[in-house]
């Protein structure tokens, strides 16, 4: 069984950590059950991530079934003991494991496999290239940046429970949707370093920069979202 072990020595290469659980409260076994053509969300993510020259680590609790998945994909693994549904609790345990496995300033990409439509409309190397540019180039614009996060544009009208506009002023004068303030869906993905995890006990920093992704955004948490993503996936790949 592969441990968090030797890494490729080719500069500040992005190390990809993929946390996942076998089961989920709102969408049973969403990561490992069939999503399309016999492949799960985890299968699809790993297959795409392995196309690049990166180090991939599955982050999981100690389980024979999960170790079998790790062996199947021939990737490394990092074991965490905390299996809580609360990310704020898991990340404390994960921080310790990352500091054991990596140097404090190595680039780490946290990748959750619940946004499969990313693969249809984006090239991950474009995202990684931008992240490496931010971290590795001596560009004063980025000197205080500690993490890079993919986001998706949000262009719609928001109201609160009292039908008061959140991002617009209701009335005949309201702006067209293309002129709404720039808002974004944040993804469960980011590039940062173990230092960020140690400092903030979180996967990204308040000092972050965004990378704008393309295509529709579905973050799979529920059965309905799983089915929606399946439909969009099938429509996109033909």
Count of residues meeting criterion [surrounded by fewer than 20 Cβ atoms within 10 Å (Cβ to Cβ), out of contact with any helix residue (DSSP H, G or I) (no Cβ under 8 Å at 6 or more places or on another chain) and in contact (Cβ under 8 Å) with a residue 60 or more places away in the chain] in segment 188-203: 2
Test: residue in segment 113-133 that is surrounded by 15 or more Cβ atoms within 10 Å (Cβ to Cβ), farther than 18 Å from residue 189 by Cα and at pLDDT 90 or above: no
Residue under evaluation residue 148, criteria (1) in contact with a strand residue (DSSP E or B) (Cβ under 8 Å, 6 or more places away or on another chain); (2) over 23 Å from residue 49 (Cβ atoms), criterion not met: (2)
Unique match (being surrounded by fewer than 15 Cβ atoms within 10 Å (Cβ to Cβ), under 26 Å from residue 127 (Cα atoms) and modelled with pLDDT of 95 or more) among 181, 150, 206: 206
Test: residue in segment 179-187 that is within 20 Å of the chain's Cα centre (by Cα), touching a residue at least 40 places away in the same chain (Cβ under 8 Å), closer than 17 Å to residue 119 by Cα and in a loop (DSSP other than H, G, I, E, B): yes
Hey, residue 109 in a strand (DSSP E or B), in contact with a helix residue (DSSP H, G or I) (Cβ under 8 Å, 6 or more places away or on another chain) and surrounded by 13 or more Cβ atoms within 10 Å (Cβ to Cβ) or not: yes
Conditions (1) touching a helix residue (DSSP H, G or I) at 6+ places or on another chain (Cβ under 6 Å); (2) more than 17 Å from residue 16 (Cβ to Cβ); (3) assigned to a helix (DSSP H, G or I): number failed by residue 104: (3)
Within segment 133-155, tally of residues that are assigned to a helix (DSSP H, G or I) and over 21 Å from residue 199 (Cβ atoms): 3
Residue in segment 221-238 that is nearest to residue 32 (Cα to Cα), counting only those that are surrounded by 14 or more Cβ atoms within 10 Å (Cβ to Cβ) and touching a strand residue (DSSP E or B) at 6+ places or on another chain (Cβ under 9 Å): 226
Residue 218 under 15 Å from the mean Cα position of the chain (by Cα), assigned to a strand (DSSP E or B) and at pLDDT 95 or above: no
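The values are calculated or read from the model by the stated rules, or taken from the named source; none is laboratory data. Since the model is a prediction, treat every value here as computed from it, not as a measurement. Virtual Cβ from ideal backbone geometry, glycine too; neighbours counted across all protein chains shown.
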